[in-house]
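Just below is one structure, and these are the notes that go with it.
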Amino acid sequence: MASPFWAIAQADLRGLFRSRITYGWLLAAVFIQVIRTLGSASSGTTSSVVSSGLADFVYVWSLVITALAASSVSSEAGELADSILSKSVTRIDYVLAKFASRMAYTLICFSMVTAVLVGLALRLEVGDYSALGLASGVLLVALAMVTLTALGVALSIALPSTVVAIVALLVLWYSMTILFPVIGLGFVSPGSMLGDLPGVIKGAWDGVEWETAGGFLAISVASLALSSAYFHSKDI
């Protein structure tokens, strides 16, 4: 028999992939990547096309991730007490399952769209990339998406309203993307990361990438730990 953690995570993940939002997002994202690479067949380079395609996740598809992550717990407020008070489900089971399912969902969708993007971009005439650089660039953006998801689930736990959680996450994400470089926190800015991405894909490293990866990882872990502790002590 599956543990409560796995049962909740699998049920949540199945529900996400049955959603019309998921189908619409994946179809639109793949279509845009195909059009982008076909339009760049004569003049585009691998580094520029991949960077442009990955930027969609930060500036556009982050809206989908935001809506789904920030509604993960608050949208179930009416059923939460009954679920948690059940003898077979603990608070830590529930909250960790939500983090796991939403992060898995984000990474699966990201991987599917990125596989199409990279596969087509590698066929361009100007292949200005290194294998390690390309993999590193993709992983950096994937880590940024994990951070966005972790922040979304954390805010969904901390805030009682789904709308408030979504708005708070949008403000935080675009502040990180646009305003953080202005106040000296560019190493955890998705916008700054995208600016460095073409160079990373070509194999040019300046060390900031490690700080960016560490910053995103630290934010994700802190979001999980703090929100789990809060959820463990809150009244439901």
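Bear in mind these aren't lab numbers, they're just calculated from the coordinates by the rules spelled out. What you are looking at is a predicted structure, and each value in this text was computed from that prediction instead of being measured. Glycine also receives a Cβ, built like all others from the backbone with ideal geometry; neighbour counts cover every protein chain displayed.
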Worksheet item: So what does log10 I(q)/I(0) come out to for segment 11-136 at q = 0.09, 0.19, 0.20, 0.21 Å⁻¹, using the Debye formula with one equal point on every Cα and no solvent?
Response: -0.36, -1.02, -1.09, -1.16
Worksheet, complete the sentence: Stretched fully, the stretch from Arg20 through Leu38 gains (0.36 nm per residue minus C-alpha distance, one decimal, in nm) 3.8 nm
Worksheet item: Which whole-number percentage describes the relative contact order of segment 2-151, with Cα contacts under 8 Å and a sequence gap of 6 or more?
Response: 45
Fill in: the chain: calculated mean residue ellipticity at 222 nm from DSSP helix runs of at least 4, using -39500 (n - 2.57)
-25000 deg cm²/dmol
Worksheet item: Once both labels are modelled 7 Å past Cα along the beta-carbon direction, what's the Val126-Ser175 spacing in nm?
Response: 3.9
Worksheet item: How far apart, in nm, are two points set 7 Å out from the Cα along the Cα-to-Cβ line at Glu211 and at Ala115?
Response: 3.6
Worksheet entry | 5 angstrom amide H check on Val126, placed H, neighbours 5+ away | Thr46
Worksheet, complete the sentence: For Met176, Met112, ascending order of other Cβ atoms within 10 Å (fewest first) is Met112, Met176
Worksheet item: What length, rounded to one decimal in nm, is gained on full extension from Ala222 through to Ser75, with 0.36 nm per residue of separation minus their alpha-carbon distance?
Response: 50.7 nm
Worksheet item: Counting Lys and Arg as +1 and Asp and Glu as -1, each charge on the Cβ, what is the dipole of segment 4-233 about the Cα centre in debye, to the nearest 20?
Response: 480
Item to complete: Could you calculate the FRET efficiency of His232 with Leu63 from 1/(1 + (r/R0)^6), where r is the beta carbon distance between them and R0 is 30 Å, rounded to 0.05?
Response: 0.50
Worksheet item: Using the 10 angstrom Cβ neighbour count as an exposure proxy, how do Ile21, Ile65, Ile219 rank, fewest first?
Response: Ile21, Ile219, Ile65
Worksheet item: Where in segment 1-72 are there trypsin sites (Lys or Arg not before Pro) that are in a DSSP coil and have at most 14 other Cβ atoms within 10 angstrom of their Cβ?
Response: Arg18
